[in-house]
Amino acid sequence: MTDTRGPQSHAPATGVRVRRGGQLAHPSEQRKQRPKKSGKKTKKNRRTRAVSAHLKRRRNKNARNAAIAIILAGVFLFTPAQDTVKEQSSKMFGDVVDLLVPFHEHPVTANYTLEHKLSFEAIPTGSGALFIYRMPIPAYERTAKSYDSALFVSSDTAEEIPAPAIQRVTAMRVGVGTANIEVPVLEDEIRDAADAIQLADGLSSVWWPEPKVEHGVPSSVESPRYEGLWENAQYDCEYGRCMIWEGVIPKSGGRTTLTIEYDIEAIAYTWDGEAPLGDNVAGMSGGYGMTTSNAGSFDDLHTGGITPLSEHFGDSKTWYDPSTGGISMAAIDGSDPLVISLADEITASLPPEQSNNTYAYSHAAFIWVRDNVEYVVGLTPPRNGPTCISEKNGDCDEQSNAWMSLLRVKGVPTWYEFGILGAGDFSTFEPHGWSNVALPYSGEWCTEQGFTTESCYIEASVDVTNNKWLLHTPTAYTNWIEPISDNEGGMLVKTMYYRLYYDSRQMNDVSTKEFDILGTTELPDGTFRVNWIPGR
């Protein structure tokens, strides 16, 4: 995606929309290069590519591999070892199918340090530019149920089945030149503006205020350095905990760069009960995972603990207006006639016994968007879900908007998750946005398992752009999940996008984002693959 600036004016502070790139290149996820082990910081000149280019490169090689596999299968099937081979034929021909289809390869677990460099520059003829940038402080632990500690609760004993941690951010550091300032992740520590930490450039400082509690209340926080200059800026962190980077860029084309480092421990996790991912991938497959057979109906969306999510996210047909003036446009729109018509078509395509099944419908909508919408980056202005469906192209946010629009038609609760997405070999990182979804289990299944209705549902990640159905991968770094509280109409999403405030007369609408891996990336448990099979 490209950065999109808000309307210019002569006001001292003008908002700029910091768009998330989110354009993970499917091909780079499939490349089989190993992470660098030199222990040194590496610089890479990267760009994302479309998945079709990768498929063309692999086609001939896959065909040759398939032919060899089929010949070998034929040799064994017509030898005295026939009985033994027959027992293994199902697996063998499954492997042949694997050779024929494109796939993504992901690490099972990963420990790594992600570096993020954020730069701004002033207009060469200007007198210097003031700026404020608000950056989310990630939660220490993201679990398999968002930030909750319990996956399920026993209806008999009230005992909790713990929700596994799928990401831990054990440290966050910032600085100019060297990231040597520790930002508190483990504790909700507050540092007021009066105690801001001066950075090495002598021009900027960082601090982390208390998150804003109530929207619509003017900021009571004033800059300790530029009092009176920022009456239109927002110092509060409406969307949750954040770090504020504030300063001035020198005149005559000056440039300032903040370095941020995250120490991350993450695992692959699936909420799908039938995902063919292998035993080394953690999750609910083979146990409590969601399937068409144990999923609840649309009526179950308003039963038990899933109800608040359904009322807040699912029942709101339109969500998050990204416009900065002029014509209003809901990014997620389940009231659009085109979206409703497509939702009806998807429902009609399901077997009759699955027409009221939340899992079956949500998965079929996922398949439709994945298979019919082409990945295109840099489209402006940003489009909503109905436009993405109509034109059948879009970037990560727009494809997520399309899928979530289809789910909002049916009242299925879906919301945003933002972060940074890496390729499977850690060669490429991009800002990224994807979806969360809540799906209920059937009341019968909950009773059989002995779980309370308050806990008997899943909250899962879905990344339609990168073929991740109910799947989290270690290379998807999460720094924010959209909350329920104080988030009417998705207004917190807008505060996440509009995080930079500056004087448009003195500062270019230019921001660069660079990502790198520092030191050694640990992949102790190898990799797994996710096939991309149209219609499945």
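Where a number appears in this text, it was derived from the coordinates with a stated rule and is not lab data. Just so you know, these numbers come straight off a predicted model, no measurement behind them. Every residue, glycine as well, gets a Cβ built from its backbone with ideal geometry; the counts of neighbours run over all protein chains shown.
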Distance check, please: which entries in Lys317/Lys468; Lys410/Lys513; Lys392/Lys494 exceed 27 angstrom between their Cα atoms? Lys410/Lys513
About the Cα centre of region 115-196, what is the dipole size in debye to 20, counting +1 per Lys and Arg Cβ and -1 per Asp and Glu Cβ, all else neutral? 460
Which GluC sites (Glu not before Pro) does region 331-375 hold that lie in a coil by DSSP with at most 11 other beta carbons within 10 Å? none
Footprinting exposure proxy for Thr447, Thr318 (fewest neighbouring C-beta atoms within 10 Å first): Thr447, Thr318
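Please state the charge dipole magnitude for region 405-536, taken about the Cα centre, from unit charges on C-beta atoms (+1 on K and R, -1 on D and E), reported in debye and rounded to the nearest 20.
460
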